[in-house]
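Everything on this sheet refers to the single structure shown next.
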Amino acid sequence: MESVTDLQETPATPPMDPGGDERVGYQAAGVLLIVLGWFFAVLVNLLLHLTAPAAGYLFASWRVYAHFGPYAQAALVFGLFTGLMGVALVVLGRRSPKGPLVLPGYPY
């Protein structure tokens, strides 16, 4: 019989230490949601419909008319909700306690 070697039981990646600064993630996600929600889904949506002629624009494979239909209304509501979630994340990031700014997996 061969002898069995007892390997040291260590994980393939070191465990994450929760001592990092989570505020950076909250603020980055909040700003991204604000830009995607309020800029694209609200502002660009409204501008496209307000400036569209009677025949409409051909934008990629979509035709955008001056009529503000149910799809445009749903995009507007979704954009408003997404922007509000972004504001909530930015506020949460500003009110959270400060921690060290580190990259995951690097020692402190």
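Any read-out appearing in this document is the output of simple, stated calculations on the displayed coordinates, not a laboratory observation. Computed from a prediction, not measured in an experiment: that's the story for all the values here. Note that each Cβ is placed from the backbone with ideal geometry, even for glycine, and that neighbours are counted across all protein chains shown.
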Evaluate Rg over Rh across the stretch 30-95, taking Cα atoms for both radii and Kirkwood's formula for Rh. 1.12
Counting only backbone N atoms under 20 Å from a point 7 Å out along Cα-to-Cβ of Arg94, the residues of the stretch 23-40 in range are 23-39
Please work out how much length the chain gains when fully extended from Phe40 to Ala28, using 0.36 nm per residue of separation minus the C-alpha to C-alpha distance, in nm with one decimal. 2.6 nm
